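Peer 1: Let me begin by handing over the structure; questions about it come next.
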Amino acid sequence: MKPFDYHRATSPADAVAVLTEHPHGAYLAGGTNLVDHMKLDVAQPDLLVDVSRLDLNEVVGTADGGVRIGANVRNSDLAADPVIRSRYPMLARALLSGASGQLRNSATTAGNLLQRTRCVYFQDVTTPCNKRSPGTGCSALGGYLRYHAILGASPHCVAVHPSDMAVAMCALDARVLVQARDGERRIRLDELHRLPGDEPDRDTVLRHGELITAVELPAPPSGAVSDYRKVRDRASYAFALVSVAAELTFTSTFQIGSARIALGGVAHKPWRARSAERVLAGDQPSAETFAAAAEAELKQAEPLPGNEFKVNLVRRTLIAQLRMLTERRRP
């Protein structure tokens, strides 16, 4: 591991001020992703700014009936929070689907959002990788692609985002509060992460030195039913081949009033399924409607050799999720 300097931040403003002056520095919170990458030489920061002791560890209600989740709230604590469990069950299920209990006890809300891809080529410094070393090429192309993207990829990168929590938060219309040197700003979570384009080394729209301080969730719609479904190669502690975070509301005549859907394991970022949502809203819940929604979203799919199965897996998983939510709400 490369030697590095260490600074314990005393406030968000202090953290931002220090890191902004160190272009090769990084924030340290739970360290469950960063420390692994430092051991592998994937990450080589010359300064770690420790933000783990900042007072950003509460889940509190907001004036509009939603909640504000501090950046340092541990994944285990968030999954167990009574408000999250009762009002945002999709998020609680997603958190419990990710990693082991030991890792959830350390991993933070902000760190979970900012974790980097688990592409095997990104983590292997002996192979070319545009995300790790821009301009060197993408070793995944022509390689092992079972876990890689079918939506929004580019010739420069076909990796997927690994977070379960971020997929649920994307579907819930979360907003991320960010502390910058010139003040605070809010970013919609579905706009926080980037598609790779020709800059796959940039995972998010954050500028260097900006610090996530909280995530805000709006109040859930009245009568909403939601859940998170994850399909993986093994039942414990595996990353998603495909995941679906979905929420439906229904009218008094049992039409679909609204739909919010995000997909995981399929793109460089949590994938908001806007096309599927448009098909569902205002229609009757039925097998035909659910299939049409899936087909509308998958028109954009571009599978790679070795992951073609993901297209049908998304279709079947989304339809099953929508059917389950409908059954829960059926009069």
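The values are calculated or read from the model by the stated rules, or taken from the named source; none is laboratory data. Just so it is clear, the structure is predicted and the values come from calculations on it, not from any experiment. Backbone-built Cβ (ideal geometry, glycine too); neighbour counts: all protein chains shown. All accessible areas refer to the heavy atoms of the entire protein, side chains included, with ligands and DNA or RNA removed. Shrake-Rupley method; radii C 1.70, N 1.55, O 1.52, S 1.80 Å.
Peer 1: Report the relative contact order of the chain, percent, no decimals, based on alpha-carbon pairs under 8 angstrom and at least 6 residues apart. Write down the numbers at each step before the final one.
Peer 2: Values: 739 pairs, mean separation 55.0, N = 331.
Averaging sequence separation for qualifying contacts and normalising by length gives 17 percent for the chain.
Peer 1: Over the range 13-151, calculate the relative contact order: mean separation of alpha carbon pairs under 8 Å at least 6 apart, over the residue count, as a percent.
Peer 2: Details: 167 pairs, mean separation 28.8, N = 139.
Taking the mean separation of contacting Cα pairs over the length of the range 13-151, I get 21 percent.
Peer 1: Compute a Gaussian network model of the chain, connecting alpha carbons closer than 10 Å, and tell me which residue from LEU141, LEU177, LEU298 fluctuates the most.
Peer 2: Among LEU141, LEU177, LEU298, the largest GNM mean-square fluctuation belongs to LEU141.
Peer 1: Residues of the range 104-228: accessible area per residue at 1.4 Å, in Å²? Let's see the in-between values first.
Peer 2: Numbers: 4760 Å² over 125 residues.
On a per-residue basis, the range 104-228 sits at 38 Å².
Peer 1: Probe radius 1.4 Å, ligands and nucleic acids ignored: give me the carbon and sulfur share of the accessible area of the range 261-331 as a rounded percent.
Peer 2: Working: 1640 of 3210 Å².
Percent of accessible area from carbon and sulfur atoms in the range 261-331: 51.
Peer 1: Among LEU78, LEU241, LEU145, which one moves the most in a GNM of the chain with springs linking Cα atoms closer than 10 Å?
Peer 2: Sorting by GNM fluctuation, first place goes to LEU145.
Peer 1: Starting from a Cα-only point model with no solvent, please compute log10 I(q)/I(0) by Debye for the range 5-107 at q = 0.13, 0.16, 0.25 1/Å.
Peer 2: Relative scattering, expressed as log10 I(q)/I(0), comes to -0.57, -0.81, -1.24.
Peer 1: Mean residue ellipticity at 222 nm from the helices of the chain, using -39,500 (n - 2.57) per DSSP H segment of n ≥ 4 over the full residue count, to the nearest 500 deg cm²/dmol?
Peer 2: On the way: 12 runs with 99 residues, N = 331.
About -8000 deg cm²/dmol.
Peer 1: With a bin width of 5 angstrom, please list the P(r) values of the range 183-319 as percents of all Cα-Cα pairs, from the 0 bin to the one holding the largest distance.
Peer 2: Reading upward from the zero bin: 2, 9, 16, 19, 18, 16, 12, 6, 2, 1, 0.
Peer 1: Turning to a different aspect of this structure: Two decimals, Cα atoms only, Kirkwood Rh: what is Rg/Rh over the range 102-226? Don't jump to the answer; show the numbers that get you there.
Peer 2: Details: Rg = 16.2 Å, Rh = 16.1 Å.
The Rg/Rh ratio comes out at 1.01.
Peer 1: On to the next question. How long are the semi-axes of the ellipsoid equivalent to the range 29-162, from square roots of 5 times the Cα gyration tensor eigenvalues, in whole Å, largest first?
Peer 2: Equivalent ellipsoid of the range 29-162: 32, 18, 13 Å, largest first.
Peer 1: Rounded to a whole number of µm²/s, how large is the Stokes-Einstein D of the range 60-136 at 20 °C and 1.002 mPa s, given Rh as the Kirkwood radius over C-alpha pairs? Mind dumping the intermediate values first?
Peer 2: Details: Rh = 14.5 Å.
Result for D is 148 µm²/s.
Peer 1: Using the Cα centre as the reference, give the magnitude of the dipole from point charges on the C-beta atoms of the range 153-263 (Lys, Arg: +1; Asp, Glu: -1; all else neutral), rounded to the nearest 20 debye.
Peer 2: 180 debye
Peer 1: Using alpha carbons only, how many angstrom separate the centre of the range 121-152 from the centre of the range 225-249?
Peer 2: Value for the Cα centre distance between the two parts: 24 Å.
Peer 1: Could I ask something else about it? Regarding the range 179-262, what's the average projected area of the Cα-atom convex hull, expressed in nm²? Write out the running numbers ahead of the final one.
Peer 2: Working: hull surface 35.5 nm².
It is 8.9 nm².
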